[in-house]
Every structure is written in structure tokens, then in C-alpha cells.
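The values are calculated or read from the model by the stated rules, or taken from the named source; none is laboratory data. Just so we're clear, the structure is a prediction, and the values are computed from it rather than from any experiment. Note: ideal-geometry Cβ built from the backbone for every residue, glycine included; neighbour counts use all protein chains shown. Heads up: the accessible areas ignore ligands, DNA and RNA and are worked out on the full protein's heavy atoms, side chains in. Shrake-Rupley method; radii C 1.70, N 1.55, O 1.52, S 1.80 Å.
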Amino acid sequence: MDNFGDIGVCWRLARQLVVEHGLAVRLWVDELKSARRLIPTLDPQAACQHVDGVEIRHWVEPLVAVPPGEVVIAAFAGNLPDSFLTAMARCVPRPRWINLEYLSAESWVAGCHGLPSPHPALPLVQHFFFPGLDGSTGGLLREVDLAARRGRFSEDAFRRFFGLPPREPGQCLVSLFSYENPGLGELLGIWAQGMRQVLCLVPEGRVLPEVAAWFGVSGLQPGDRIRKGNLTVTVLPFVEQSRYDELLWACDVNFVRGEDSFVRAQWAEAPFVWHIYAQQDDAHLEKLDAFMAHYLAGVSPSVACAVEDFWRAWNGGEGVGACWPAFEAALPALARHASTWSVQLQAAGDLAGNLVRFCKVEIE
Ligand code: TRH
């Protein structure tokens, strides 16, 4: 399965807890092969290994009997096996048990963040911890050295790493990390016929077959470069998270998806388009609207309208071409808004720090 969101967030959080908080972290991972895309030095055969100071263990049930940590975090509705819960209940003192939830900007989140939920049979209480956009939630993951890393970023070095030519004057640089999308062909078409040169950088992944089909070729590989009209597509290899940040920093517009790349696009302080992860009964569309309501509160009505129309079209896979010109016209205003938005988000504090504080101060 080509989804990396859950391991993406957990790996980021684990490293932050080690590096910034000096904690010993054990990360249980069920799909080591997928995780290796994000953690290239990971050995998918090893039951236990250490990478970047994090102990990584393969989650296979029955789980190996290791003593639970002082804090146990179950991420994204992951169920802990009964044997592990029983071991937690036997610990003295009992571990703090956190249920780390998905990010949502919906208003109910503030009321649920931090709530306790006692286990029906065992003397254990789990607490819900929600990422979010303001101080009534747990905030978003943001490494303490992110601004410094960005300050050292060199677009030339980035281009050399990926073998990209120097930027052409007036060129629009786009990164495209998305799920399959029936609107993609229309968007590529509009870029190909547009007045402006577009260089679209597509990381290896789910959307590549659709890009290849639109160009009428049988497949595309990392390193391939293909052109039609004013559109050039270059396929990039899937890179480490820190390198993916650089891609977001380099581009004028970032198409992102899911949760973690969506957050990174906001820290990149550039215009972006969010392809939200689809849920049953279109529940994701409410999440999309809830986020847009927050994100667009500080922009002019015409810019807000251009973003709403384009994001809804992209997520619905319809009307993408018709909505692109207004969205493109809104890019300069969105670029100015991006840093204000990032500062606003930072006021909520970093999720890792908030989580550590929550465990130390708020749960007995
Ligand atoms: O992979 P995703 O679609 O993950 C999704 C969502 O998180 C969703 O909430 C979840 O339920 C579903 O998976 C199962 O998108 P996301 O969240 O952006 O994760 C991608 C990760 O991959 C992110 O950490 C950034 C990283 N990445 C790289 O490290 N290198 C790359 O080259 C690219 C393109 C991404």
C-alpha cells in the first residue's frame, strides 16, 4: 500500500522525542517494508534495530513480551493487544496511555482533546491527544531546528541533488504528491497550453500511471523528464522526509495529501493544494471545509473563493481546469498569506513538546 502518513507522523514524532526531549523511544512498526521508503537505513528483516536513536521493533502478533514504557502511545486508532494491556496494568506506576488521533480542524476536536477514557475492565485510563491548529489542541509537529534548516537551504544544491536544470525566468515550479485523481489530465492540459512554463516535479508514487497515460507513454520512472507544450514533468525518487521538505521549499505551489505532507506544506510557507484522504460517506469533505474556514479567514473574499473552488474541484476530480486560472491568479496573495499562517499555527506550540508536557503535568 502506497500510504506513508501513519509511519510518517510516528517516525517524525519518535525522532523528535529522542533528539529534543532526550527520551528513550521504542517504535513498533507493522509494515517495515513500507517504512523503509521513509527510513532508508531500516532493515526490513530485523525484529529489533536502532535508527537515529529510536528503537524500532517489528509489530507481529503475538507481540514480543517487552516491558511497556512509562508512556504508551497508540497512534491513529491502533489497538493494543490484550497481552500488552495486561502488562501495562501490572506496571507500578502504570504507564500513561495516549491515543494520538488524526489531525482535523473540526470544532468538536477542542472538546475531545485531552479527555480521559477508562478501560472497561483494567485499571488503565487512556487520554485522547489531538493534533490541531490552535492552543485548544495538541498543535502540529514542528522540529525545533526547522527554521534553521530552512535558512541554510540552497535551491542550487537542491537542483543539483535531483539533477534539475537552473530555473528558467518566469517558470512556475510545482510539486505534485497526490492520490489518483480524475481531474489530473485536465490540470496537465491547462499547464501544457498555458502562457507560463510549468515544471512539475512528481515524486514516485500512486499518481505516476495517470501522468504517464496523459503523456501517452507506458510508464514513468524516477529521473524521467517529459514535455508537452509549456509543461515539463520530471519524476523524482521518493526521498527522505528532510529532503521532501526541501522540495516543498523550492516550489511555488505544492500539491500535498493526507496528513504529514499537508502539515509540511504549511511549514514550507508556500501556496499549496490539499488532496485530503477520502473517508466513507464523504466525511473528509467536512474536514476539508473546516480546514479551509480556518486557513482562509485572513485572506480577501476573492482569494478565499479561488482556493475553495480549486481545492473542492481537485478533491472532487471535476472542474479542475476551469478553476485553475483564478487559483493561479491568487498565488501571489497566498504566498504572502503563507508566512502569517505559519506564525499563527506556531502559537499552538509543537505537538511533541505539548505531548511531553501533557504526560508530565496533566496526567497523574
Ligand atoms: O501517505 P499518505 O497518503 O498518508 C495517509 C494519511 O496520513 C492518512 O491520514 C492516513 O490515514 C492514510 O495515509 C492511511 O500522505 P502523508 O500523510 O502526507 O504521508 C506521506 C509521508 O511521506 C510524509 O511523511 C512525507 C513523506 N514523503 C517523503 O518522506 N518523501 C517523499 O519523497 C514524499 C513524496 C513524501
Expected max-MSF residue from Ala283, Ala105, Ala333 in the GNM of the chain (alpha carbon, under 10 Å) is Ala283
Please turn the phi angles of segment 14-23 into ³J(HN,Hα) values with the Karplus equation 6.51 cos²θ - 1.76 cosθ + 1.60 (θ = phi - 60°), one per residue in order, whole Hz, x for glycine and proline. 4, 5, 5, 5, 6, 6, 9, 10, x, 9
Backbone HN-Hα couplings from phi across segment 321-333 [Karplus 6.51/-1.76/1.60, Hz, Gly and Pro as x]: x, 5, 8, 4, x, 5, 5, 4, 5, 7, 4, x, 5
How far is helix 283-295 tilted, in degrees, relative to the longest principal axis of the Cα atoms in the chain, given as a value from 0 to 90 rounded to the nearest 10? 70
For the chain, what is the accessible area per residue in Å², given a 1.4 Å probe and the full set of protein chains? 46
Check Val72: other-chain or 5+ apart residues with amide H under 5 Å from its amide H, H built from backbone geometry? Arg96, Trp97, Ile98
Could you let me know the centre-to-centre spacing of segment 176-254 and segment 333-364, using Cα atoms, in angstrom? 31
Checked the chain with the C-alpha gyration tensor, a ≥ b ≥ c its square-rooted eigenvalues, rounded below a/c of 1.5, otherwise prolate if a/b is larger than b/c and oblate if not; verdict prolate
Using a Förster distance of 35 Å, the FRET efficiency for Thr41-Val125 (Cβ separation, nearest 0.05): 0.40
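Of all DSSP beta bridges located in segment 51-170, what percent are antiparallel, nearest 5?
Percentage antiparallel, nearest 5: 30.
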Potential lengthening between Arg243 and Ala278 on full extension [0.36 nm per residue; Cα-Cα distance subtracted]: 10.0 nm
Straight-line reach only, C-alpha to C-alpha below 15 angstrom: list the aspartates and glutamates that Lys360 could link to, leaving out same-chain residues fewer than 8 apart. Glu70
Between the residues Leu38, Ala77, Leu331, the Cα farthest towards the positive end of the dipole of the chain, that dipole coming from +1 and -1 charges on the beta-carbon of Lys, Arg, Asp and Glu, is from Leu38
Can you list residues whose amide H is under 5 Å from Ala105's amide H, if they're 5+ apart or on another chain and H is modeled 1.01 Å from N? Phe291
List the residues whose amide H sits under 5 Å from the amide H of Gly138, counting only those 5 or more places along or on another chain, with H placed 1.01 Å from N in the peptide plane. Phe130, Gly132
From the square roots a ≥ b ≥ c of the eigenvalues of the alpha-carbon gyration tensor of segment 146-346, which class results: rounded (a/c under 1.5), prolate (a/b over b/c), or oblate? rounded
Using Cα pairs closer than 8 Å and at least 6 residues apart in sequence, work out the relative contact order for the chain, in percent. 16
Calculate, in nm to one decimal, what Glu61 and Arg26 gain on full extension: separation in residues at 0.36 nm each, minus their alpha carbon distance. 11.0 nm
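Find out how many positive minus negative residues lie around Phe76, taking Lys and Arg as positive, Asp and Glu as negative, among other residues whose Cβ is under 11 Å from that of Phe76.
Net of charged neighbours comes to -3.
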Which length gain, in nm to one decimal place, applies between Gln346 and His50 when the Cα-Cα distance is subtracted from 0.36 nm times their residue separation? 103.5 nm
Rounded to the nearest Å, the spacing of the alpha-carbon centers of segment 1-79 and segment 115-146 is 18
Rounded to a whole number, what % of the accessible area of segment 282-364 do carbon and sulfur atoms account for, probe 1.4 Å? 55
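So what is the 222 nm mean residue ellipticity for the chain from helices alone, if each DSSP H run of at least 4 adds -39500 (n - 2.57) and you divide by all residues, rounding to the nearest 500 deg cm²/dmol?
My calculation for the chain gives -12500 deg cm²/dmol from helical runs alone.
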For the chain, with a Gaussian network of springs between Cα atoms less than 10 Å apart, report the residue from Trp191, Trp108, Trp214 with the top mean-square fluctuation. Trp108
Please figure out what share of the DSSP beta bridges in the chain is antiparallel and state it in percent, rounded to the nearest 5. 25
